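The values are calculated or read from the model by the stated rules, or taken from the named source; none is laboratory data. Keep in mind that what you see is a predicted model, and the values were worked out from it rather than measured. Here the Cβ positions follow ideal geometry from the backbone for every residue, glycine too, while neighbour counts run over all protein chains shown.
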């Protein structure tokens, strides 16, 4: 009997332009595999791991917006950065936690924010997402829904997820848009990291550590 395929979980926050750009990749993965979509609060991951977000470092902020736009243009992905960034994603994330998500749901929210460039904090955008998901507009204020987002984020941290988007394939984590080709290679060959240089770099010792 063949071993069951490991579960696939995609951790994302709508604040991430690279999560938006990864949507075509995720649609392709979903055509062949079952994927659980798990909204998390990126700010919670940053706090847990003591990181700054790209938008909190001025030069990196500019580079991030430029490279995201460049990738979108190069790949022909409909893309428009929202009016201001970073923004507060809580209202949208909570709506995304009301029920289990399909890939179509995730496509819908990223189309609103990063495809059409709508204001993520406006009441109109929040209402449009609620309508797209088919959930009540006030569903995100339910304490159980708020707890679900918190639990998702804590579970992500416990799994070692330090950034978004991250595709977890079993215990293996593939962070970022640029890791998606490697994730597909791993799905095709689960032994990808088990030998040769992949095995060596997967267990590389540290020669020094910076004081914290």
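Taking residue 87 as the residue in question, decide whether it is out of contact with any helix residue (DSSP H, G or I) (no Cβ under 6 Å at 6 or more places or on another chain) and either in a loop (DSSP other than H, G, I, E, B) or within 16 Å of residue 17 (Cβ to Cβ) (or both).
Yes, satisfied.
So, in the range 119-135, how many residues would count as being in contact (Cβ under 8 Å) with a residue 24 or more places away in the chain, in a loop (DSSP other than H, G, I, E, B) and surrounded by fewer than 19 Cβ atoms within 10 Å (Cβ to Cβ)?
3
Collect the residues in the range 176-212 that are in a helix (DSSP H, G or I) and over 29 Å from residue 12 (Cβ atoms), keeping them in residue-number order.
Passing the criteria: 196, 197, 199, 200.
Conditions first: (1) part of a loop (DSSP other than H, G, I, E, B); (2) loosely packed, with under 12 Cβ neighbours inside 10 Å. Residue 164 passes all but one, so which condition is the exception?
Only one criterion in (1) part of a loop (DSSP other than H, G, I, E, B); (2) loosely packed, with under 12 Cβ neighbours inside 10 Å is unmet by residue 164, namely (2).
Quick one: residue 182 ticks every box in (1) closer than 25 Å to residue 7 by Cα; (2) in contact with a helix residue (DSSP H, G or I) (Cβ under 9 Å, 6 or more places away or on another chain) bar one, so which box is it?
So residue 182 meets the others, but not (2).
Report, ordered by the first and then the second residue, all pairs with beta carbons closer than 6 Å, sequence separation of six or more or different chains, a first member in the range 150-163 that is at negative phi and modelled with pLDDT of 95 or more, and a second member that is in a helix (DSSP H, G or I) and surrounded by 15 or more Cβ atoms within 10 Å (Cβ to Cβ).
Taking only residues 6 or more apart or on different chains, the pairs are 153/44; 157/48; 162/45.
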